[in-house]
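Taken together, the values in this text are just the output of simple stated rules run on the coordinates, not laboratory data. From a predicted model like this one, the values you see are computed outputs, not experimental measurements. Don't worry about glycine lacking a Cβ; one is built from the backbone with ideal geometry, like all the others, and counts go over all protein chains shown.
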Amino acid sequence: MFNWTVQGQDQLFQQWFWYRVGNSGPEAPINTISPAVAVANTGTRGLSATYSQAQFSLRVEYLLTGGLLGGTKSTIGETITINNLSLSTLDFHFFQYSDFDLGGSAAGDSVIIGKNLLTGLYNTANQIHPLVTFQESVHTPGANHAEVGFFPNTLNKLNDLNTDTLSDITGLTGPGDVNWAFQWDLSIAPGASAIISKSKYVELTAIPEPTSMTFLLSAAAFYAMLRSRRSAS
Ligand SMILES: [Ca+2]
Ligand SMILES: [Ca+2]
């Protein structure tokens with residue numbers, strides 16, 4: 001996923017998913033499991049993409065919901081289903097990597113990841129930008145590990161030849177070209193499934209140019225008024 005346009009402005013640089021089976025060997029992007037079998041649904045708002053091999057299959061379902069034309073809010077729901085097709089327990093590690101460039105810019109954002117205090121699992125990510133509100137919520141289950149960093153450190157971990165666990169550095173990180181990731185450590189019984197359900201929300205809190213123009217115009221009018229009062233006195 002390389003593009004999420006709200007009000008003609010692209011908010012996303014890249015989001016994708018990686019996986020690892022077991023606790024050794026590198027992580028790999030899910031598109032290396034097999035070519036995708038993709039099906040559009042829910043009109044043009046939904047997409048289901050399935051990747052499969054003998055041991056397991058993995059499906060990602062996306063559902064995009066916007067407001068009225070010209071609106072400033074957009075949300076995308078994502079459901080990931082992993083089916084264990086084998087006769088033994090599947091030790092499956094699933095990673096989501098997100099690099100949003102809010103407001104169409106790669107610089108100057110910060111990210112903080114939050115935890116559910118009851119479960120101890122990571123379940124929110126907030127990216128902070130002066131003109132765009134962004135939040136991801138994990139509905140179920142929360143992630144076991146998470147990481148906030150600067151491009152491309154986390155991406156390199158997912159693509160290198162080492163076995164990686166995310167750092168659990170989740171505090172306010174930035175400003176800069178920030179990105180973040182979640183890691184789920186799943187143990188899936190033979191013939192059973194794991195399901196991860198989450199959603200992302202983008203809201204433009206202001207449209208930049210007209211607001212600053214209005215301010216400049218009011219400032220110009222104020223100084224003009226001040227000057228005329230001074231010359232009058
Ligand atoms: Ca790695
Ligand atoms: Ca970024």
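Rounded to the nearest 10 degrees, the angle from helix 208-232 to the longest Cα principal axis of the chain is 20 degrees. Contact order for the chain, expressed relative to its length and based on alpha carbon pairs under 8 Å spaced 6+ residues apart, stands at 23 percent. Looking at the square roots a ≥ b ≥ c of the eigenvalues of the Cα gyration tensor of the range 14-86, which shape do they give, rounded for a/c under 1.5, prolate if a/b is larger than b/c, or oblate? Since a/c reaches 1.5 and a/b is larger than b/c, the shape of the range 14-86 is classed as prolate.
A cut-off under 13 angstrom between Cβ atoms defines the neighbours of HIS93, and their net charge, with Lys, Arg +1 and Asp, Glu -1, is -2. With both labels modelled 7 Å from their Cα along Cα-to-Cβ, the THR205 to LEU63 distance reads 2.8 nm. Applying the criteria of a DSSP loop state and at most 14 other Cβ atoms within 10 Å to the GluC sites (Glu not before Pro) of the range 127-203 yields no site.
So what's the gap between the Cα centers of the range 56-83 and the range 185-207, to the nearest angstrom? Rounded to whole Å, the Cα centres lie 10 Å apart. For the range 59-71, 3J(HN,Hα) computed residue by residue from phi via the Karplus equation (6.51, -1.76, 1.60; θ = phi - 60°) reads 10, 10, 10, 10, 9, 9, 10, x, x, 5, 4, x, x Hz, glycine and proline entered as x.
Result for the chain in a Gaussian network model with C-alpha springs under 10 Å: among PRO141, PRO152, PRO29, the largest mean-square fluctuation is at PRO152. The helix-only estimate of mean residue ellipticity at 222 nm for the chain, built from DSSP H runs of length n ≥ 4 each weighted as -39500 (n - 2.57), is -4500 deg cm²/dmol after division by the residue total. In this calculation the C-beta distance from SER52 to ASN23 is compared with R0 = 30 Å, giving a FRET efficiency of 0.85.
A straight Cα-to-Cα reach below 17 Å connects LYS115 with the aspartates and glutamates GLU136, GLU147, ASP168, ASP185, residues fewer than 8 places away in its own chain not being considered. When the Cα atoms of the chain are aligned to their principal axes, the ranges along those axes come out at 92, 39, 34 Å in descending order. Computed from backbone phi with θ = phi - 60° and the Karplus coefficients 6.51, -1.76 and 1.60, the 3J(HN,Hα) list for the range 39-51 is 10, 7, 8, 6, x, 10, 8, x, 8, 10, 10, 10, 10 Hz; x is used for glycine and proline.
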